[in-house]
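Trainee: Here it is: the structure, laid out below.
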Amino acid sequence: MSLIFYDVEVFKHDWLVVFIEPFEERETVIINDPDMFKSFYQEHRNEIWVGFNSRNYDQWIAKAILCDFNPKEMNDWIIVKDRKGWEFSDILRNFPILNFDCMTGFDGLKTLEAFMGNDIRETSVPFDIDRKLTDAEIEEVVKYCRHDVQQTMEVFIRRKNEFDSHLALINTFNLPLSYISKTQAQLSA
């Protein structure tokens with residue numbers, strides 16, 4: 001079983017995903033290319049995707065791309081309309097993701113970066129920009145997204161015991177690996 005760390009960024013006319021596979025020492029950056037994303041998904045669908053707040057956001061953007069929905073519409077559904085990703089369409093169920101979310105409690109990733117003594121990196125590219133991003137802006141957002149994935153990896157390492165306890169419950173009670181996506185409370189129940 002392999003782990004893939006990921007983060008998604010969405011703008012009105014652009015989207016991108018950074019995947020880091022630490023054991024393979026491989027990074028994949030996908031920019032506005034749904035076919036490349038679908039191919040990556042097919043190749044890695046049985047691996048565990050690890051993100052920060054991915055239970056509420058990133059996995060739903062990923063599933064929207066897989067369903068040929070506009071990722072910005074899913075983004076606005078979640079962020080602007082304050083709706084749950086799974087409510088967007090039943091078709092999303094056709095693309096299961098073994099998603100483990102490193103987020104616990106109410107601390108955001110930037111807060112945890114500060115607690116860990118790390119650089120809190122932000123992008124100067126506004127997320128409400130009303131045009132295609134320039135090449136320089138795309139490059140900056142990729143750096144920002146890569147940094148978030150690296151920080152997610154560090155949070156994961158510091159909280160690996162939570163992941164291990166998830167797997168222990170799954171293995172002890174012979175539960176499907178898809179339960180890795182559940183919260184600790186859901187899994188315990």
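Trainee: Can we say Glu9 is free of Cβ contacts under 8 Å to residues at least 12 places away in the same chain and either among the aliphatic types (A, V, I, L, M) or outside any loop (DSSP other than H, G, I, E, B) (or both)? Even if it seems obvious, please write down each step before you answer.
Mentor: On the way: free of Cβ contacts under 8 Å to residues at least 12 places away in the same chain: no; either among the aliphatic types (A, V, I, L, M) or outside any loop (DSSP other than H, G, I, E, B) (or both): yes.
Spelling it out, it is not the case that Glu9 is free of Cβ contacts under 8 Å to residues at least 12 places away in the same chain and either among the aliphatic types (A, V, I, L, M) or outside any loop (DSSP other than H, G, I, E, B) (or both).
Trainee: Shifting gears a bit: Just for segment 29-56: of the residues that are within 11 Å of Ile97 (Cβ to Cβ) and aromatic (Phe, Trp, Tyr), which one is surrounded by the fewest Cβ atoms within 10 Å (Cβ to Cβ)?
Mentor: Once the filter is applied, the top-ranked residue is Tyr41.
Trainee: Asn75 - would you say it is among the polar types (S, T, N, Q) and open to solvent by 50 Å² or more (accessible area, probe 1.4 Å)? Can you show your working first?
Mentor: Values: among the polar types (S, T, N, Q): yes; open to solvent by 50 Å² or more (accessible area, probe 1.4 Å): no.
Against the criterion (among the polar types (S, T, N, Q) and open to solvent by 50 Å² or more (accessible area, probe 1.4 Å)), Asn75 does not qualify.
Trainee: Is there any pair linking a residue in segment 159-182 that is more than 16 Å from Glu47 (Cα to Cα) to one that is in a helix (DSSP H, G or I) and at pLDDT below 95, with Cβ under 6 Å and at least six apart or on different chains, and which?
Mentor: Leu169/Leu187
Trainee: Right, something else. Tell me, yes or no, whether segment 57-72 has at least one residue that is within 22 Å of Glu140 (Cα to Cα) and open to solvent by 20 Å² or more (accessible area, probe 1.4 Å).
Mentor: Taking every residue of segment 57-72 in turn, at least one turns out to be within 22 Å of Glu140 (Cα to Cα) and open to solvent by 20 Å² or more (accessible area, probe 1.4 Å).
Trainee: Of everything in segment 145-170 that's among the basic types (Lys, Arg) and more than 15 Å from the chain's Cα centre (by Cα), which residue is most open to solvent (accessible area, probe 1.4 Å)?
Mentor: Arg158
Trainee: Right, next: Filter segment 1-28 for residues that are surrounded by fewer than 16 Cβ atoms within 10 Å (Cβ to Cβ) and either of a type outside the set (A, V, I, L, M, F, W, C) or under 16 Å from the mean Cα position of the chain (by Cα) (or both) and give the result.
Mentor: The answer is Ser2, His13, Glu24, Glu25, Arg26, Glu27.
Residues checked against (1) among the β-branched types (Val, Ile, Thr); (2) part of a loop (DSSP other than H, G, I, E, B); (3) in contact with a helix residue (DSSP H, G or I) (Cβ under 6 Å, 6 or more places away or on another chain); (4) under 20 Å from Asp7 (Cβ atoms):
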site	(1), (2), (3), (4)
Ser39	no, no, no, yes
Trp49	no, no, no, yes
Asn53	no, yes, no, yes
Trp60	no, no, yes, yes
Ala64	no, no, yes, yes
Glu73	no, no, no, yes
Asp76	no, no, no, yes
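The values are calculated or read from the model by the stated rules, or taken from the named source; none is laboratory data. Nothing here was measured: the structure is a model prediction, and the numbers come from that model. A quick note on method: Cβ atoms are made from the backbone with ideal geometry, for glycine too, and the neighbour counts reach across all protein chains shown. These area figures cover heavy atoms from the full protein model, side chains too; ligands, DNA and RNA do not enter into them. Shrake-Rupley method; radii C 1.70, N 1.55, O 1.52, S 1.80 Å.
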